[in-house]
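The values are calculated or read from the model by the stated rules, or taken from the named source; none is laboratory data. All values reported here derive from a predicted model rather than from experimental measurement. Note that we place each Cβ from the backbone using ideal geometry, even for glycine, and neighbour counts take in every protein chain shown. With ligands, DNA and RNA removed, areas are computed over all heavy atoms of the protein, side chains included. Shrake-Rupley method; radii C 1.70, N 1.55, O 1.52, S 1.80 Å.
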Amino acid sequence: MAEHPLMFRVDDPLLALVRRHALVLPEAHEKVSHGRPAFFTTKVFAYFGGSVRRSPGDFERHDAAVMILPDRDDEPALRQDSRFWSPAYLGPSGWLGIDLAATDETELAELLDASYRRTAPARLVRRLDGPADA
């Protein structure tokens, strides 16, 4: 099986921004998956970059974006927000993408936190909610 080509620059300042917020979450790590940075604990909670399928074999790349699994309570409103798009492959599983130019750092951190909470083990989520020394 052929490896996916890298679809990002290691020194991308927007990737650095995503890393800054994703990797502070308890036991969060980064790996390359399908050519893109993926942030995970036991499951992936965010990808840097993504694409939208326009037609069979035709994809619109969104290289300066983040794909997340939104909080269930926020998902209906986010789906009504024109800044969000349904990513190829992951969209049917509830994931959303947003271009980083369409969001600010505070919202990015909130989206990453919500996605982390949907995918991380309960013991790690409790660390977010408990005292810092817990």
### Task
Give the ranking of R72, R117, R61 by solvent-accessible surface, highest area first, calculated with a 1.4 Å probe.
R72, R61, R117
### Message
Using only the alpha-carbon atoms, how far is helix 13-22 inclined from the longest principal axis of the chain? Give it as 0 to 90 degrees, nearest 10.
### Response
40 degrees
## Note on the structure
About its Cα centre, the chain carries a charge dipole, from +1 on Lys and Arg Cβ atoms and -1 on Asp and Glu Cβ atoms, whose size in debye to the nearest 20 is 480 debye
### Query
Using alpha carbons only, how many degrees (0 to 90, rounded to 10) separate the axis of helix 105-119 from the longest principal axis of the chain?
80 degrees
## Note on the structure
D71 and E30 label points (each 7 Å along its Cα→Cβ direction) are spaced in nm at 2.6 nm
#### Entry: Gaussian network model of the chain, springs between alpha carbon atoms under 10 Å - residue of G57, G94, G49 with greatest fluctuation
G57
### Portion, in percent, of the accessible area of the stretch 54-117 that falls on carbon or sulfur, probe 1.4 Å
48 percent
### Summary
The correct ranking of E105, E110, E3, E75 by accessible area at 1.4 Å, largest first, is E3, E110, E105, E75
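If I stretch the segment between L78 and R118 completely, what's the gain in nm (0.36 nm per residue apart, minus their alpha carbon distance), one decimal? Write down the numbers at each step before the final one.
Working: separation 40, 0.36 × 40 = 14.40 nm, distance 1.57 nm.
Full extension of this stretch gives 12.8 nm more.
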### Task
Take the Cβ-Cβ distance between M7 and R127 as r, set R0 to 41 Å, and report the resulting FRET efficiency rounded to the nearest 0.05.
0.80
### Query
Only one of the listed values, (i) 12, 45, 34, 9, 1, 0; (ii) 10, 31, 34, 17, 5, 1, 0; (iii) 10, 24, 20, 17, 11, 8, 7, 4, 1, 0, was derived from the coordinates as P(r) over Cα pairs in 10 Å bins from 0, in percent; which label is it?
(i)
### Query
M7 accessible area, nearest 10 Å², 1.4 Å probe?
50 Å²
### Dipole of the stretch 1-115, positive direction: furthest Cα of W85, L112, P5, with charges on the beta-carbon
P5
